[in-house]
Amino acid sequence: MAAATASGPRGEGGGAATSALTMERIQSLTELTELEAAYSRLCEEEKVVQEELDALLEQQSTIENKMVVLHRMGPNLQLIEGDAQQLAGMITFTCNLAENVSSKVRQLDLAKNRLYQAIQRADDILDLKFCMDGVQTALRNEDYEQAAAHIHRYLSLDKSVIELSRQGKEGGIIDANLKLLQEAEHRLKMIVTEKFDTAMKQGDLPRVERFFKIFPLLGLHEEGLSKFSEYLCKQVANKAEENLQLVMGTDMSDRRAAVIFADTLTLLFEGIARIVETHQPIVETYYGPGRLYALIKHLQVECDRQVEKVVDKFIKERDYHRQFQQVQNSMMRSSSVEKIEPRELDPILTEVTLMNARSELYLRFIKRRIIADFEVGDSMASEEVKQEHQKYLDKLLNNCLLSRTMQELIGYYITMEEYFMRETVNKAVAMDSYEKGQLTSSMVDDVFYIVKKCIGRALSSSSIDCLCAMINHSTTELESDFREVLHNKLKQGFPATTFQDFQRGVTSAVNIMHSSLQQGKFDTKGIESTDEAKQSFLVTLNNVEVCSENIMTLKKTLESDCSKLLSQGFGGEQAQAKIDSCLSDMAAVSNKFRDLLQEGLSELNSTAIKPQVKPWINLFLSVSHNIEEEEFSDYEANDPWVQQFILNLEQQMTEFKAGLSPVIYDTLTGLMTSLIAIELEKVLLKSTFSRLGGLQFDKELRSLIAYLTTVTTWTIRDKFARLSQMATILNLERVTEILDYWGPNSGPLTWRLTPAEVRQVLALRIDFRSEDIKRLRL
Amino acid sequence: MSMEDYDFLFKIVLIGNAGVGKTCLVRRFTQGLFPPGQGATIGVDFMIKTVEINGEKVKLQIWDTAGQERFRSITQSYYRSANALILTYDITCEESFRCLPEWLREIEQYASNKVITVLVGNKIDLADKREVSQQRAAEFSEAQDMYYLETSAKESDNVEKLFLDLACRLISEARQNTLENNVSSPLPGEGKSISYLTCCNFN
């Protein structure tokens, strides 16, 4: 068909229609050439048409084949259409069928549910009836557990079911039953409460526990716990009363008399802890987890009441407040009031810390218990509920009267302990004594014993804040007061040297003689006290050093003690940080003592050593080093200076060596060595030398260094490096020989002298010409 | 203890009557929190915050003390080692202001004489309940030679400024003591904490 339409227009119009040349135009042609041209064009056109026709003819067979195939398909399509219609019919049918079936199932389901509900309700009604009957019988038989179980069943029934049942045909009966049940419930509650109260009055624990277990069945959890707590509180109160009576009757000679109030508190806490321990399982079993808090909260009220009584008695009996007042007045330094003897405070301070330690232990116990119970009870609870519970707990622990009372007692304690420490330290200082042969005096050991004791006592209270406060006070005491004592002793200085002493001794002896002659007696105190003052200065230096070390030891000891306390779970989250900070302040005081030691040593060096050493060194100037062979050998036989110098030094240092600790002595010799080096250099530069004089000096210096090396533990070569180099220069054969040691030839030697100094030393040799020295290229 | 993690360490102790907001000031500064319904502090609390001032790390050790009377002997023991004291009162509570002389006596008795004291009137967010006028407090602080600042821990007003300016002052003080006058001391207001930039000057 497509071929037909395509060829249509061409067939209609014929060759002339499509030809570019119309018949009219051909007929109008006259010229031969034009005719020929027209002819050839027509021939071309004919050829094209012929080709097109051929192509169309070729397609004909293909088209025919396709037509045949189409014809064959016709019947098949009809078949398919029939099948499809049939299928649609079947589906519709099945669908209807399914619809039918499922609706029936749904109906069945509904029926079944209703049936169940009906059974449930029937059951409930039966239960109700059963409960009603059961309750009556149980009540008649005084089987309260059974009765409560029935009521519990009734209470757990679906209220709407009961409501529905009442609207039913048998509503009347059910109504009546319900009324009876409610009456029974009411009666049972009354009976249980009544019986519980009676049992409580009689102190009949088995019956108390029996009825305690019934409360939760009646939905009376809170009431049950509060009633039970009431019973427990009464027991606590009775026991506490008894204990307090015992306290009042305690003989003062009793072994525990000094801590009797702490013991009474301990008994109270132990009693409560035992109660919690014994009754927690019942509460947990019959009331469920998470209820311990309520129980303990009730108990805590009684605990507070009893604590108040004990503490009131304690305050009255031990005169706690008056003693505190007196201490406070003494601290104000209004010296008019009579100072309280610190020793008298000792027992009461120990007792208070013990009381607090017991309280902390108890509070930690109930805290742990409540947390554990909440954890079980709140295992499914939201985060908010958990936080809420944590808040309750914190409030209970922080706001209970027990905590507040103990905080108050500890507040007073700290002030009194501080006073105790300060006064006792003052006493130790006042009674300071020194035994011959000892390096330190008694007060250092005493003071540290006291400080350790006071901090140790604060630590034994188990209160971190109390401990930190006492560490702070100790730091203050050591840093200000005690350090001041030592500082003042050092400020008195080391008395003048023996040489000056001798002079002064003579004049003072003359004076003393004068005065004593007038008074008719002779007093040697002036001379003796100089020795004492010397001793005192050296002992104080030792004291200062030991203090510095003791503080570090104390810090270390406290660190390990504190970590023990913390590992037992005392103190809050910041406890460690607080203690660390307070202890590091204490450690800083150790350095202040070190500074003081340095101060004292340089004082000793400048007042005792320098005034003596300097004249000895100055004697060097009176020994000529501009010498010839004869004098040189004479010097060899009779040493003019250095042997005596060494002897003097040795004599002087024996005193210090005996009186100072090895470490301090070592530092002191170090200072002395530096001093000698500096002073010797000064006199050296004022002297003149011959070749042999240089050699003499070299010998002298070697002897000196050899001696000093034996008395110090550290190397002194460094301190004498400049002097040794000067000796080398003074020993040169000629000026230019220096170049063998200088600059590139210095080898391992590091010159400590500047070129100018080298020239200066060279110039000390009288036999060196100044032009030669000037000409040197250094 | 290594000295590498800071250039300066200062101890700051907050004191003042119970309930004036000491803990809230510290919490606001150290944690950026304002916890409502804060319970009374027991004994002392301890917080650390490191701030940067002119490129120098300054570690502030802040001791938050309980205001209640029964903790007084504990808190007093911290005065002596304190570099600075923040004496706090509540601008809506006349009583807390009237107690200031008593606090000053305590400072006189226990603190080192080199301590810097700042007077802080807290709770300015409760302006309509104000009982202590700014002028009165300013006069008082001037007479006592103290720095003075009003804050709100709740609205975070002046809290950063309080601590950072104090740190600046402590640094210059420390420099003067070590005679390092050649190093220029930071001026107050140059302190920067991680999240805030303060610009302020002292009255």
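Which order do A:Lys339, A:Lys227 take by accessible area at a 1.4 Å probe, largest first?
A:Lys339, A:Lys227
Mind listing the long-range amide H neighbours of B:Ala82? Cut-off is under 5 Å, sequence gap 5 or more, other chains count too, H placed in the peptide plane at 1.01 Å from N.
It is B:Ser112, by chain and number.
Please compute, for peptide B:63-75, the average count of beta-carbon atoms on other protein chains lying within 10 Å of each residue's beta-carbon.
5
Compute the helix-to-body angle for B:22-31: its Cα long axis versus the longest principal axis of chain B, expressed 0 to 90° and rounded to tens.
Once rounded, one gets 40 degrees.
Helix A:2-18 sits at what angle to the longest principal axis of chain A, using alpha carbons and giving 0 to 90 degrees rounded to 10?
Approximately 80 degrees, to the nearest ten.
Per the Kirkwood definition applied to all pairs of different Cα atoms, how many angstroms is the hydrodynamic radius of the protein assembly as shown?
40.4 Å
As a test question: what accessible area, to the nearest 10 Å², does A:Met672 have when a 1.4 Å probe is rolled over all protein chains in place?
Accessible area of A:Met672: about 0 Å².
Quick check: with the 1.4 Å probe, what order do A:Arg207, A:Arg106 take by accessible area, largest first?
A:Arg106, A:Arg207
I'd like the FRET efficiency for A:Glu344 and A:Glu681, computed as 1/(1 + (r/R0)^6) with the beta carbon distance as r and R0 of 56 Å, rounded to 0.05.
Between A:Glu344 and A:Glu681 the formula returns 0.30.
What is the Cα centroid distance between region B:128-145 and region A:167-241, reported in whole angstrom?
62 Å
Using a 1.4 Å probe on protein heavy atoms only, how many Å² of accessible area do A and B hide from each other, summed over both chains and rounded to 100?
1800 Å²
For Cα pairs less than 8 Å apart in space and 6+ apart in sequence, what is the mean separation divided by the residue count of chain A, i.e. the relative contact order in percent?
Reported relative contact order: 7 percent.
Loop-only check: which trypsin sites (Lys or Arg not before Pro) in region A:648-749 are DSSP coil with at most 16 other Cβ within 10 angstrom?
Of the trypsin sites (Lys or Arg not before Pro), the ones in loops of region A:648-749 whose Cβ has at most 16 other Cβ atoms within 10 Å are A:Lys686, A:Arg717, A:Arg734.
Counting only other chains, and only Cβ atoms inside 10 Å, what mean value do you get across the residues of A:414-421?
2
In region A:674-746, with Lys and Arg counted as +1 and Asp and Glu as -1 at Cβ, which of these residues, A:Ile705, A:Leu730, A:Ser690, has the Cα nearest the positive end of the dipole, that is, farthest along it?
Working it through, the farthest residue towards the positive pole turns out to be A:Ile705.
Per the helix-only calculation at 222 nm, which mean residue ellipticity applies to chain A, given -39500 (n - 2.57) for every DSSP H run of n ≥ 4 and division by its residues, nearest 500 deg cm²/dmol?
Computed ellipticity for chain A at 222 nm equals -27500 deg cm²/dmol.
Where in chain A lies the longest segment free of GluC sites (Glu not before Pro) that are both loop residues by DSSP (not H, G, I, E, B) and have at most 12 other Cβ atoms within 10 Å?
A:171-337
Please state the relative contact order of region A:325-445 as a whole percent: Cα pairs under 8 Å, 6+ residues apart?
Normalised by residue count, the contact order of region A:325-445 is 31 percent.
Could you sort A:Ser590, A:Ser624 by their accessible area in this structure, using a 1.4 Å probe and putting the largest first?
Greatest to least solvent exposure: A:Ser624, A:Ser590.
Please determine, in degrees from 0 to 90 and to the nearest 10, the orientation of helix A:205-214 with respect to the longest principal axis defined by the Cα atoms of chain A, where the helix direction is its Cα long axis.
Relative to chain A, helix A:205-214 is tipped by roughly 40 degrees.
Computing the accessible area with a 1.4 Å probe over protein heavy atoms, can you report the carbon and sulfur percentage for the protein assembly as shown?
53 percent
Are there any residues in region A:553-586 with a reduction of at least 10 Å² in accessible surface when going from the isolated chain to the assembly of protein chains? Probe 1.4 Å, please list them by number.
For region A:553-586, once contacts with the other chains are taken into account, A:Gln574, A:Ala577, A:Lys578, A:Ser581, A:Cys582, A:Ser584, A:Asp585 lose 10 Å² or more.
What is region B:6-174's relative contact order, in percent, from Cα pairs under 8 angstrom and six or more apart in sequence?
26 percent
Just counting partner chain Cβ atoms within 10 Å, what average do the residues of peptide A:471-483 show around their Cβ?
That average works out to 2.
Using only alpha-carbon positions, what ratio does the radius of gyration of region B:6-174 give when scaled by 2.2 N^0.38 Å?
0.96
What number do you get for region A:378-479 when its Cα radius of gyration is normalised by 2.2 N^0.38 Å, N = residues?
Compared with the compact-globule rule of thumb, region A:378-479 sits at 1.67.
Got a sec? Which residues of region A:450-466 lose 10 Å² or more of accessible surface with every protein chain in place, vs. that chain alone, 1.4 Å probe?
Buried by the other chains: A:Asp465.
Could you report region B:6-174's accessible area per residue, 1.4 Å probe, as an integer in Å²?
Accessible area per residue, region B:6-174: 39 Å².
For a bin width of 5 Å, list the pair-distance distribution of region A:700-777 built from all Cα-Cα distances, rounded to whole %.
Pair shares across the bins are 3, 14, 25, 21, 16, 11, 7, 3, 1.
Could you pull the accessible area for A:Tyr286 with a 1.4 Å probe, rounded to 10 Å²?
Accessible area of A:Tyr286: about 100 Å².
For every helix of n ≥ 4 consecutive DSSP H residues, a contribution of -39,500 (n - 2.57) applies; sum these over chain B, divide by its total residues, and give [θ] at 222 nm rounded to the nearest 500 deg cm²/dmol.
-8500 deg cm²/dmol
In the full protein assembly as shown, how much of B:Val115 is accessible to a 1.4 Å probe, in Å² to the nearest 10?
The accessible area of B:Val115 comes to roughly 30 Å².
With a cap of 11 neighbouring Cβ atoms within 10 Å, and only residues DSSP puts in a loop, list the trypsin sites (Lys or Arg not before Pro) found in region A:433-476.
Within region A:433-476, the qualifying trypsin sites (Lys or Arg not before Pro) (loop, at most 11 other Cβ atoms within 10 Å) are A:Lys436.
The values are calculated or read from the model by the stated rules, or taken from the named source; none is laboratory data. Because the structure is a prediction, the values reported are computed rather than measured. Ideal geometry is used to build each Cβ from the backbone, glycine not excepted, and the neighbour counts take in all protein chains shown. Surface accessibility is based on the protein's heavy atoms, side chains included, excluding ligands, DNA and RNA. Shrake-Rupley method; radii C 1.70, N 1.55, O 1.52, S 1.80 Å.
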